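Input: a single structure, listed below in structure tokens.
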Amino acid sequence: MSYVSVIDEYKRYQMGENTIVANNGITFDIEQGEFAIILGPSGAGKSTVLNILGGMDSPNEGQILVDGNDISKYSKKALTTYRRDDVGFVFQFYNLVPNLTARENVELASQISPDALDVDEVMESVGLTGRKDNFPAQLSGGEQQRVAIARALAKNPKLLLCDEPTGALDFETGKQILRLLQKTAQDFNTTVIVITHNSQIAPMANRVIYINDAKVREIVENPHPRSVDEIEW
Ligand SMILES: Nc1ncnc2c1ncn2[C@@H]1O[C@H](COP(=O)(O)OP(=O)(O)OP(=O)(O)O)[C@@H](O)[C@H]1O
């Protein structure tokens, strides 16, 4: 059985008289420790899938199996525990607490998790050892995103879910963040899922899931992912 299995998942939003079908029978698998990319244009339904995988939203139909458990059957309380203990989130705009230092931002996550990793080791692994005492406003966008990744990793999550993590960064800084996410999957055996609309980065992934107009259009497995340095965009 795959580590993540989304099986015939539907998500509909009711907007007055209209029903918006954001996910229309989505099915895919992801193995443990994979660096997977969900690729598709704006409005395709990518964030909806990621939010459902992260327990922030529930599907109308379908199974969402994570490490053998169907989270779509979870109660609200069980979903809260799942989100807190098992899922790390990284967003486009970092979402750091501005009046806490980089280290304190990471600590915040590690304190609530039963399986937390050592804060200083995680910060070292994302290349932030020298910036631990800085506040977010004193850090560059790339450094702030590293803090956000460290915060997500400190929980030792089953899934690291990243929604357009390089969307607010310049080209070179974006590359460094993708390199870090790919390395995270390899070194920690964390299952990393990244949403993007940048098809150029597809060769980096172990698996690419193409979503368009609320459906999976293609799934490509890549036995030899490239390093980000071999990719131009
Ligand atoms: N809470 C909501 N209420 C109503 N409609 C929604 C809601 N969330 C998403 N949608 C709609 O569902 C569809 C898919 O949205 P989603 O955010 O998943 O797409 P996306 O592929 O992530 O797009 P983007 O790359 O622009 O973020 C869109 O038509 C969107 O307007």
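Among the residues of region 148-171, is any in a helix (DSSP H, G or I) and more than 22 Å from Met204 (Cα to Cα)?
Checked against the condition, which is being in a helix (DSSP H, G or I) and more than 22 Å from Met204 (Cα to Cα), region 148-171 yields at least one hit.
Looking at region 172-181, is at least one residue under 26 Å from Ile37 (Cβ atoms), surrounded by fewer than 16 Cβ atoms within 10 Å (Cβ to Cβ) and among the basic types (Lys, Arg)?
The answer is yes, given that some residue of region 172-181 is under 26 Å from Ile37 (Cβ atoms), surrounded by fewer than 16 Cβ atoms within 10 Å (Cβ to Cβ) and among the basic types (Lys, Arg).
Residue check, Val208 against (1) more than 16 Å from the ligand (Cβ to nearest atom); (2) out of contact with any Asp or Glu (no Cβ under 6 Å at 6 or more places or on another chain); (3) closer than 20 Å to Ser5 by Cα, all met but one. Which one?
In the conditions (1) more than 16 Å from the ligand (Cβ to nearest atom); (2) out of contact with any Asp or Glu (no Cβ under 6 Å at 6 or more places or on another chain); (3) closer than 20 Å to Ser5 by Cα, Val208 misses (1) alone.
With at pLDDT 90 or above, in contact with a His (Cβ under 9 Å, 6 or more places away or on another chain) and not aromatic (Phe, Trp, Tyr) as the only criterion, which of Glu164, Glu143 stands out?
That would be Glu164, the only listed residue that is at pLDDT 90 or above, in contact with a His (Cβ under 9 Å, 6 or more places away or on another chain) and not aromatic (Phe, Trp, Tyr).
Criterion first (away from the ligand (no atom under 16 Å from the Cβ) and either modelled with pLDDT of 95 or more or assigned to a loop (DSSP other than H, G, I, E, B) (or both)) does Ala22 satisfy it?
no
Considering only residues that are exposed (fewer than 13 other Cβ atoms within 10 Å of the Cβ) and free of Cβ contacts under 8 Å to residues at least 12 places away in the same chain, look in region 58-79 and name the one that is nearest to Phe28 (Cα to Cα).
In this case the residue turns out to be Lys73.
Need the failing condition index for Gln32 against (1) at pLDDT 95 or above; (2) within 16 Å of the ligand (Cβ to nearest atom); (3) over 14 Å from Ala214 (Cβ atoms), just the number.
Unmet condition: (2).
Sort out for me the helices (runs of 4 or more DSSP H) sitting completely within region 35-115 that have 1 or more residues that are farther than 20 Å from Thr184 by Cα and within 15 Å of the ligand (Cβ to nearest atom).
46-53
Within the set of pairs 6 or more residues apart or between chains, which connect a residue that is under 27 Å from Met1 (Cα atoms) and in contact (Cβ under 8 Å) with a residue 40 or more places away in the chain inside region 13-39 to a residue that is charged (D, E, K, R) and in a loop (DSSP other than H, G, I, E, B) with Cβ atoms less than 9 Å apart?
Taking only residues 6 or more apart or on different chains, the pairs are Asn24/Asp213; Gln32/Asp67; Gln32/Lys158.
Here is a yes/no grid of residues against (1) of a type in the set (Gly, Ala, Ser); (2) surrounded by fewer than 17 Cβ atoms within 10 Å (Cβ to Cβ):
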residue	(1), (2)
Val4	no, no
Ala22	yes, no
Ile26	no, no
Glu31	no, yes
Gly45	yes, no
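Looking at the structure I just gave you, is Val90 at pLDDT below 95 and not acidic (Asp, Glu)?
So Val90 passes the test.
The values are calculated or read from the model by the stated rules, or taken from the named source; none is laboratory data. Remember, it's a predicted structure, so these values are computed and weren't measured experimentally. Every residue, glycine among them, receives a Cβ derived from its backbone with ideal geometry; neighbour counts consider all protein chains shown.
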